[in-house]
Amino acid sequence: MKRHTITLLIILLAGSLAVTTCNKEYFDLDKLSDEMELRMRMVAPVVYGNLSMKDILQLFDTVEYIDTSPTGLILFSYFDTVLSLSADTAIELPELDAIEFYLDTDNDIPVTIPVPPGDTFNLPRRTKSVDFVLSGENRLDSILLQGGNARLHLTSSFRHSGMLMISSQEIRDRRGNPFSETIVISDASGSFVHSVDVDMDLYTIAPIYRNDSNIVYLDFDLSLINSGNTIDPGDSCVVSATFSELGFYNVVGFLDPEDLASTSGSIEVPIWSDYPELASLEFSDPRFVFTMATSVGIPFAIDFDSVIATGVDGSQVELTKYDGNTLEFKAPGMRQMGETVVTDIQIDKTTSNIQEFLAVSPSEISYKIEGRTSTVDGDNTHFILDTSRVNLSLEFLLPLNFRSTGFALSDTMEFEIAEDGIDTTMIDSVEIVLTTINRLPIELAVQIYMLDNDHQQIDQVFDDHAPPILGASVVDIDGVTTEATPETTRIKFPASKIGKIEQTAYLRVEATLNTPEKPVVDEEEPFVKILSSYDLKYKIAVKALLKINTREL
Amino acid sequence: MKAIARTILTLCMVAGSGLQVQAQLTNTLYFMHGVPQSNRINPAYQPVCSFYLGFPALSPLRLELSSNPLVWEDVIYPQDGELITFMHPDGDRDRFLRQLRGVNYVATDLGTTLGSLGFRTPIGFFSLEVATRWDGNIYYPGDLVRLMIKGVENDVTYELDGIGADLSLFNELSLGWSGQLMENLYFGVRAKVLFGMANLSTVSSDLSLYTSEERWTIQSDMQFNASLPFAEVTYGEEGELPDIELNSDLENLSSSTIPGYLLNGQNMGLGLDLGIDYRPIKQLRVSVSLTDLGYITWKDQVHEVSYRTNYDYMGLEVNPFEFSEDLSFGDYMDSTLNQMADSLQGFLEFGESGPYTKRLNTKLYAGASFELNKIISFGILSRTDILNRRVAEQVTASVGFRFGRYWNPTVTYSYMNSSFNNIGFGYSFNLGPFNSYFVTDNLITALLWPESTSSVNFWFGMNLMFGYKKLLKGPEADRPLVY
């Protein structure tokens, strides 16, 4: 039994030793290579977003110039206020002044009042005319006064008492009664002085229009009670009536305020000065819009004698309106008193040479205009209320309805991927996946050149014949998008290209934006419209193959 | 210490699995009925002695290390005169990944018996044992390894279910009885009281990651429970990782504090083993046993960690026109990624929890042995581990040799842990009342083909046995220690 045991033990030990020896190579750790290499793929979405038209247009301009039409068409709007007048600026009522002298003669003989002492002697009525003088040619039918003061002043050296009445048929109070004011001369000492102030608010002046003048008549009626004294040489009775600080609630008549709208100015158009490349865009419907909003009952006509576009290069083109350079604006009629009437007058490619005008890619549009009262409608009765205003604006509208076949942008920018750079040896390849859904009828092709410190080209990101990274949407006959275009672009950076990243100091980006090509040969390229509802959805993912070798760390 | 504890807990928090690895009892022991501790497999077995006393800590000392399915040669192998890892530029990563399964594990099982004794009475054989056991299993999904090695690929779902760990440290106090019901039929029962010292359990571990150019999606429903009676856990107010401080009395253990940890009544469980041993004819022995019927309810210092989310990452939403000198793209990326990280961390919830119960891994043994002659016997054993979500089957065949009374070896061959590469052996050595044994299911494989061995286990024990001479005169006279 013992022999069997020993035999078994020997077999077991010998077998174990033999097999273990055979497998020693698995455990000879002195030969273990410490080299390890990690080859990892990385796929991840990186960013996504949705660029609205508002976002996109910020590329070219500031938001303040962007407007949207009721149909959603986006337009650039460059605006200037040409004229802004209030009623008091349009018409300023003059001060009326009348003076009357009594018995101021050169006679050296005292005069006796031809009535018995104690009786009243009525001097003949005297009438003074006062001209209501306004600038321009005006016919004032009525003026409802707002505030104002009438100062009646009487100085008498007559040694008689009596009274003076000043009246006018052209000036009436709110009840329609003629203006009438009496000054009682209560002192017969010969040193009577008296003044009366009358509040003229709500009085109505209705001047008589005669010989191109607006005349108001003032009647002076003086009565003296004979004191028995004579009227000696040098005695006098002087009356003055001064209507001052006259405002108005309304003025009615034929009103033709001079210099009402004689002005000049200019509009800055930064889109072309900042992006002269946009000169390659042909806009379908650029236009000027004059807008007058007026509650002044005077129809105006505007004559523009020079609207000039000045291009970035200094060249100039004048805007010419085919049917003359006068613009007629409507005004509220008498039945529209208190209302505001707005008149838009457009100058577009059908009425002017605006296409030629914009061909210089104007960075500034200057204008000079003159305004006057229009007589086109034959209505010669105008009005101005105290609340009346007139505003005239000039807007240069550039609806984004255009076509382009060669709009190119180019920019060179410094390239520094990180402060300390990146170790590109760990990156075997990178693929950037750009997925877009484009509702804009614009295709975008991009090329990015990698430049060294001397601006010498090292490489380029895309192949020469790479398709656009953004396909234009499908548009209908009106140039409106009917179908968005999805596009997936894979930008591959093989190891050979990645290795050049460290040498890259600058990137030159060249982008070309084109509208869809003409559907039929020999047809013109279609115009496309950019609506506010358009957007560009995008997703960027990255696929990378990383290779990290412990020997290279 | 605090940092270590935190690290351990953190690892456990990101780990979890519904998979359970069967705690190891060496199957070879089944065929060594003469070893007193063989009644751990079948309580019906009666040692061939009147009394035995195990050596403290060595009756037995058992250890198992296993890795499934990875073995040494999957990781390191010779090529062109040098030894390389699979991560070497010339290494075969795909072959490595092909070895992996949905869920893989590394298991450790360590046990020692503080006291073991048995004695025969007219009504049967009684045995008493106090043992400490550590079961530790860490699970890792194959897709997790694939993710780490191959990186993130396009349009792929990484099934990370099962990631986690099950770690338990507990004491077992057992009392067994084996009696002869009929002339050729024995029945045994072992009752066990279990005292849990610490546990981490994976309650649920559903985790997947979908990656593509368009999105990443993380879906998670994970929950882990832990009983940490030895530590004070302080939760942060904003969901950050909790602070874990070991109890101060651990540094100055005393007789008053030790029982509180070793025999923690709050983490108590019960267990039961049942078995029968039937000998229809003299050469044939058939037995069946059901062991580890039972549970432990963990109540002391119970904490819960959960991670439930359904998170889609589509990239960062960016409007390039929003950037300025005050807000660069880099700043934006930093800020947004931090927010994302906070969001993902926000789904991680820590908190105290109520009691939870962990069932023991019940095992069913069915075996038979046949004595060919006085020297050689053959045996076959089926072992079925009844786990949470599945059953695991092992089969072991044995050849036993009887070389006198002093030294009796057994050689076994097993299919276990999905591997056919398990050759084991056992011996029992007797010198007077001194008994020593060593049992392993796969140590021979580990010696012969260590590069392809996925697990190693062994039991080693020493006993003092008395009263066997009397029994040598009986029916067991020719095989006192080994059946």
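Could you tell me which of the residues A:Ser496, A:Ser473 is farther than 20 Å from A:Leu278 by Cα and open to solvent by 60 Å² or more (accessible area, probe 1.4 Å)?
That would be A:Ser496, the only listed residue that is farther than 20 Å from A:Leu278 by Cα and open to solvent by 60 Å² or more (accessible area, probe 1.4 Å).
Every residue, every condition in (1) within 14 Å of chain A (Cβ to nearest Cβ); (2) among the aromatic types (Phe, Trp, Tyr); (3) touching a residue at least 40 places away in the same chain (Cβ under 8 Å), yes or no:
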{"position": "B:Leu348", "(1), (2), (3)": "no, no, yes"}
{"position": "B:Arg359", "(1), (2), (3)": "no, no, yes"}
{"position": "B:Phe370", "(1), (2), (3)": "no, yes, yes"}
{"position": "B:Gly379", "(1), (2), (3)": "no, no, yes"}
{"position": "B:Ser382", "(1), (2), (3)": "no, no, no"}
{"position": "B:Val395", "(1), (2), (3)": "no, no, no"}
{"position": "B:Asn408", "(1), (2), (3)": "yes, no, yes"}
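If a residue must be in a strand (DSSP E or B), over 15 Å from A:Glu395 (Cα atoms), polar (S, T, N, Q) and at pLDDT 90 or above, how many such residues does the stretch A:317-353 contain?
Counting residues in the stretch A:317-353 that are in a strand (DSSP E or B), over 15 Å from A:Glu395 (Cα atoms), polar (S, T, N, Q) and at pLDDT 90 or above gives 1.
Could we say that A:Leu531 is of a type in the set (A, V, I, L, M, F, W, C), in contact with a Ser or Thr (Cβ under 8 Å, 6 or more places away or on another chain) and in contact (Cβ under 8 Å) with a residue 24 or more places away in the chain here?
yes
Of the conditions (1) open to solvent by 60 Å² or more (accessible area, probe 1.4 Å); (2) at pLDDT 95 or above, A:Ser135 satisfies every one except a single condition; which number is it?
A:Ser135 satisfies every listed condition except (2).
State which residue is nearest to B:Gly179 (Cα to Cα) when the search covers only the stretch B:251-273 and only residues that are crowded, with 17+ Cβ neighbours inside 10 Å and of a type outside the set (Ser, Thr, Tyr).
B:Asp273
(1) of a type outside the set (Ser, Thr, Tyr); (2) on the phi > 0 side of the Ramachandran plot; (3) in contact with a Pro (Cβ under 6 Å, 6 or more places away or on another chain): which one isn't true of B:Asp155, the others all being true?
(3)
When you scan the stretch A:1-102 for helices (runs of 4 or more DSSP H) that lie fully inside it, which ones turn up with 1 or more residues that are away from every other protein chain (no Cβ under 14 Å), modelled with pLDDT under 85 and touching a Leu at 6+ places or on another chain (Cβ under 7 Å)?
A:87-90
Examine the stretch A:420-437 for a residue that is over 27 Å from B:Met314 (Cβ atoms), at pLDDT below 90 and surrounded by 14 or more Cβ atoms within 10 Å (Cβ to Cβ), and state whether such a residue exists.
Checked the stretch A:420-437: at least one residue is over 27 Å from B:Met314 (Cβ atoms), at pLDDT below 90 and surrounded by 14 or more Cβ atoms within 10 Å (Cβ to Cβ).
Could you list all residues from the stretch A:190-221 that are open to solvent by 70 Å² or more (accessible area, probe 1.4 Å) and more than 47 Å from the chain's Cα centre (by Cα)?
Across the stretch A:190-221, the qualifying residues are A:Ser191, A:Val193, A:His194, A:Asp197.
Go through (1) modelled with pLDDT of 90 or more; (2) open to solvent by 60 Å² or more (accessible area, probe 1.4 Å) and name the single condition B:Ile296 misses.
B:Ile296 satisfies all of (1) modelled with pLDDT of 90 or more; (2) open to solvent by 60 Å² or more (accessible area, probe 1.4 Å) except (2).
Here is a list of conditions, (1) of a type in the set (D, E, K, R); (2) within 14 Å of chain B (Cβ to nearest Cβ); (3) in contact with a Phe, Trp or Tyr (Cβ under 7 Å, 6 or more places away or on another chain), and A:Arg508 meets all of them except one; can you say which number that is?
(2)
When you scan the stretch A:523-553, how many residues do you find that are more than 10 Å from chain B (Cβ to nearest Cβ), in a strand (DSSP E or B) and surrounded by fewer than 16 Cβ atoms within 10 Å (Cβ to Cβ)?
Of the residues in the stretch A:523-553, 1 are more than 10 Å from chain B (Cβ to nearest Cβ), in a strand (DSSP E or B) and surrounded by fewer than 16 Cβ atoms within 10 Å (Cβ to Cβ).
With respect to B:Gly330, is the statement that it is open to solvent by 30 Å² or more (accessible area, probe 1.4 Å), more than 30 Å from B:Tyr427 (Cα to Cα), away from chain A (no Cβ under 14 Å) and at pLDDT below 85 true?
no
Taking A:Ala331, is it touching a strand residue (DSSP E or B) at 6+ places or on another chain (Cβ under 6 Å), under 27 Å from A:Glu524 (Cβ atoms) and either crowded, with 20+ Cβ neighbours inside 10 Å or of a type in the set (Lys, Arg) (or both)?
Here the answer is no, as A:Ala331 does not meet what is asked.
Please work out which residue is farthest from the other protein chains (Cβ to nearest Cβ), limiting yourself to the stretch B:446-463 and to residues that are within 22 Å of B:Gln37 (Cα to Cα), of a type in the set (A, V, I, L, M, F, W, C) and touching a helix residue (DSSP H, G or I) at 6+ places or on another chain (Cβ under 7 Å).
B:Trp459
The values are calculated or read from the model by the stated rules, or taken from the named source; none is laboratory data. Remember, predicted model here, so these are calculated numbers, not experimental data. Cβ coordinates were reconstructed from backbone atoms using ideal geometry, including for glycine residues, and neighbour counts include every protein chain displayed. Each accessible area value is taken on the protein alone, full model and side chains, heavy atoms only, with ligands, DNA and RNA left out. Shrake-Rupley method; radii C 1.70, N 1.55, O 1.52, S 1.80 Å.
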